[in-house]
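**Q** So that we are looking at the same thing, I have put the structure below in structure tokens.
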Amino acid sequence: MTNKSFKIEGMTCASCSRAVERVTGKLDGVTSANVNLATEKLSISYDPSKLRVSDIKNAVVKAGYKAVEEDIVVDVDRDSKVKEQKSLWLRFIISLVATLPLLYISMGHMIGLTLPEFIDPMMHPAAFAIAQLILTIPVVAVGYRYYIVGFKTLFKGSPNMDSLIAIGTSAAVVYGVFALVQILQGDASYTMELYFESAAVILTLITLGKYFETVSKGKTSEAIKKLMGLAPKTATIIRDDHEVEIPIDEVEVGDVIVVKPGEKMPVDGVVVSGITSVDEAMLTGESIPVEKHIGDTVIGASINKNGSIQYKATRVGKDTALAQIIKLVEDAQGSKAPIAKLADIISGYFVPIVIVLAILSGLAWYFIGGESVTFALTIFISVLVIACPCALGLATPTAIMVGTGKGAENGVLIKSGEALETAHIIDTVVFDKTGTITEGSPRVTDIITADNISEDMLLMLSASAEKGSEHPLGEAIVDHAVKMDLQTEKASDFKAIPGHGIEVTIDGKQMLLGNRKLMVDRNVILDSFEDSSDRLANEGKTPMYIAIDGSMAGIIAVADTVKDTSKRAIESLHNMGIKVAMITGDNERTAQAIAKQVGIDRVLSEVLPEDKANEVKKLQSEGSKVAMVGDGINDAPALAQADIGIAIGSGTDVAMESADIVLMRSDLMDVPTAIQLSRSTIRNIKQNLFWAFAYNTIGIPIAMGILHIFGGPLLSPMFAGAAMSLSSVSVVTNALRLKRFKPASK
């Protein structure tokens, strides 16, 4: 079997992706066909002995779309996205420029505005109607794609949102032209039965919505490019006892690589010479650099902090941890199924049924009822106008536009309507620990002193000693001393003891700062400080022993502290009936300590960066709808794998681009806010769809002349248009109620 990916051009909604899946899935030799609407990709598995690539492309073309092999799509895709955004914005501006005066002419007299005499409906009805038609033409012209795609998919039996727009606005325009013809023939009663402005407003709003949708799409390739940009382009290897710089592509397993302070590791490997500390935060999310000795593994793209090392390459190219993360992001995003829109499902049945009913009712009155052609045409147009699915087409996008706008107002950037829709079904939220639940940078939390020294003195001496160190624990102590306005003293005879701590002389005093092993090696008696150290470690803190002239002076504990809002956010989620889990690379003891502080239900500890997405998958396999909240590059695959990925605004660009929702204020209280907003929006959309559909289902039989058969009134197109307008107004008004939404943090 062969697996291939194609870029699908021309898709606009979920029913488009279903149509492509359906036609390709039916091809002989195909075992699976999956279309991702968000990334506009078709992933297909097929037997090459039974099927050629050209057959797949032809099937997609017959369905009304275009397939391009993905390996051909490089920066061309990004350029086409930019071009499409510019095109949509220009179309919106042209539509807006024509629609505003159209609204003034058609509705101005109703609200007391005075129209120029030459287009006054009372004096010159024909000019009044022609002016509206002239202003409607450019709006329809720039929206030509809705009609081409909408009618094409309609005729192929797979109507989509464009079909709704095309049939709805066409009905309004066609009736407007019909009314104009009646006016030109001297029947001025049709002057107030022009519905050109309805078509123009709908097309303008939909174009604006399409523009925002296009802006939010296509983030995947940018995220992947940024991931690829992390790795250095060259590597320095040892060849014949000389250092030689070669392109990273030429590094082979077994090569010995030299990395100096400040440089990035080109590939994965094992240290064979030297000692250093390595900043792996870009990949692991953990803020504290990891000390590396001979035999320790290093990860490609991590940063060498302070020592020169040599290491042997063990994984290169597609096998490196970074390459695996890139693949996981691509796979997880590629496997995301598109969300079926309720409006699309309804339109699949509703639009063809309405057209058939309009034709049948018109013909029935002409042939069976013996009425005139004008009467039959009036019935036909009345059915189309009252059933015009403008409100149905507006039901989802208006609520989503208001919902996403309200989210942005509260610091919650929701990238798409799909994300806003999906968030309401979330029942489990998984938080990354470092930088998400915690601050992401170590701080001093506890100072325990011996009887003969004060806290300030111990902190001042420790900060004086650590000024010469680059270790992040030392930096935390120095920062704390600065906050306390303590003046440090000059240190001498500074000596770093790798893996243990430091030795330094201050004001004639010999000081040792480091871990328990350093104290034991120097025969320092720990006494009760050992119990304090164990207690602090159980609380998830890192204790640093300090000895002066061979005697214990105290302990300074440093930890990545919990954010102020973490506990409140988790309580809010619990109140909403949502389970909360935490995922971290930390050891079990530290993870449990943090979980206890904030009320986490489930702890997933000692999870490797590349395994985070698998942990999310496991939760999904248990039937959970999962939201993943993270900030590091290592979180990107899990963010993509989750039903909803939520990135912290202060996190990495790649995490933010892999996510569906970004919390711009980096406030965890915005997680429950995002889910509450989604629930409110979905409720609003369902209300909109109900009312939009209710107006049509009640109005259609009346428009078909059911009442007229029994001697009742015939519904004129004017009243049909009023009902249509009322349904659109009610939908938009209902959507605007979302503006009253109050976030969880208030």
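The values are calculated or read from the model by the stated rules, or taken from the named source; none is laboratory data. Please read all numbers here as calculations on a predicted model, not as lab measurements. Glycine also receives a Cβ, built like all others from the backbone with ideal geometry; neighbour counts cover every protein chain displayed. Note: areas computed on protein heavy atoms with side chains; ligands, DNA, RNA excluded. Shrake-Rupley method; radii C 1.70, N 1.55, O 1.52, S 1.80 Å.
**Q** Checking the condition modelled with pLDDT under 85, assigned to a loop (DSSP other than H, G, I, E, B) and crowded, with 16+ Cβ neighbours inside 10 Å, which residue from 474, 540 passes?
**A** Matching residue, one of 474, 540: 540.
**Q** Next question. Looking only at region 43-85, which residues are open to solvent by less than 80 Å² (accessible area, probe 1.4 Å), modelled with pLDDT under 75 and in a loop (DSSP other than H, G, I, E, B)?
**A** Across region 43-85, the qualifying residue is only 73.
**Q** For region 396-443, which positions are hydrophobic (A, V, I, L, M, F, W, C), assigned to a strand (DSSP E or B) and open to solvent by 20 Å² or more (accessible area, probe 1.4 Å)?
**A** 413
**Q** Any residue that is part of a helix (DSSP H, G or I) and surrounded by 18 or more Cβ atoms within 10 Å (Cβ to Cβ) - is there at least one of those in region 572-589?
**A** Yes, the conditions are met somewhere in region 572-589.
**Q** Also, I was wondering about something else. Would you please name the residue that is most open to solvent (accessible area, probe 1.4 Å), looking only at residues in region 6-42 that are among the hydroxyl-bearing types (Ser, Thr, Tyr) and modelled with pLDDT of 85 or more?
**A** Within region 6-42, the match that is most open to solvent (accessible area, probe 1.4 Å) is 31.
**Q** Looking at 517, 563, 509, which is the one that is farther than 30 Å from residue 646 by Cα and either in contact with a strand residue (DSSP E or B) (Cβ under 8 Å, 6 or more places away or on another chain) or surrounded by 20 or more Cβ atoms within 10 Å (Cβ to Cβ) (or both)?
**A** After ruling out the rest, the residue left standing is 509.
**Q** For region 444-459, how many residues are surrounded by fewer than 19 Cβ atoms within 10 Å (Cβ to Cβ) and not in a strand (DSSP E or B)?
**A** 8
**Q** Might you check whether a residue that is modelled with pLDDT of 75 or more, buried (at least 19 other Cβ atoms within 10 Å of the Cβ) and part of a helix (DSSP H, G or I) occurs anywhere in region 712-722?
**A** no
**Q** Additional query: Taking only region 459-483 into account, find how many residues are more than 18 Å from residue 559 (Cα to Cα) and of a type outside the set (Gly, Ala, Ser).
**A** Matching residues across region 459-483 total 3.
**Q** Being farther than 18 Å from residue 2 by Cα and of a type in the set (Val, Ile, Thr) is true for just one of 30, 35, 53, 61. Which residue is that?
**A** 61
**Q** For region 492-503, give me each residue that is open to solvent by 40 Å² or more (accessible area, probe 1.4 Å), in a strand (DSSP E or B) and touching a residue at least 12 places away in the same chain (Cβ under 8 Å).
**A** Selection gives 492, 493, 494, 496.
**Q** Starting from region 585-609, keep only residues that are on the phi > 0 side of the Ramachandran plot, then list their pairs with residues that are surrounded by fewer than 21 Cβ atoms within 10 Å (Cβ to Cβ) and of a type in the set (S, T, N, Q) whose Cβ atoms are within a distance under 7 Å, requiring at least 6 positions of separation or different chains.
**A** Taking only residues 6 or more apart or on different chains, the pairs are 606/587.
**Q** Name the single residue that is modelled with the highest pLDDT among those in region 157-203 being surrounded by 22 or more Cβ atoms within 10 Å (Cβ to Cβ) and assigned to a loop (DSSP other than H, G, I, E, B).
**A** Across region 157-203, the extreme among qualifying residues is 194.
**Q** Across region 604-646, what is the total count of residues that are assigned to a loop (DSSP other than H, G, I, E, B), open to solvent by less than 10 Å² (accessible area, probe 1.4 Å) and either touching a Lys or Arg at 6+ places or on another chain (Cβ under 7 Å) or of a type outside the set (A, V, I, L, M, F, W, C) (or both)?
**A** Summing the residues that are assigned to a loop (DSSP other than H, G, I, E, B), open to solvent by less than 10 Å² (accessible area, probe 1.4 Å) and either touching a Lys or Arg at 6+ places or on another chain (Cβ under 7 Å) or of a type outside the set (A, V, I, L, M, F, W, C) (or both) in region 604-646 gives 1.
**Q** Turning to a different aspect of this structure: Between a first residue in region 551-578 that is among the aliphatic types (A, V, I, L, M) and a second residue that is surrounded by fewer than 20 Cβ atoms within 10 Å (Cβ to Cβ) and in a helix (DSSP H, G or I), which pairs have beta carbons less than 7 Å apart while being 6 or more apart in sequence or on different chains?
**A** The qualifying pairs are 555/532; 562/597.
**Q** If a residue has to be buried (at least 20 other Cβ atoms within 10 Å of the Cβ) and modelled with pLDDT of 90 or more to count, how many in region 305-324 make the cut?
**A** Residues flagged as buried (at least 20 other Cβ atoms within 10 Å of the Cβ) and modelled with pLDDT of 90 or more within region 305-324 amount to 3.
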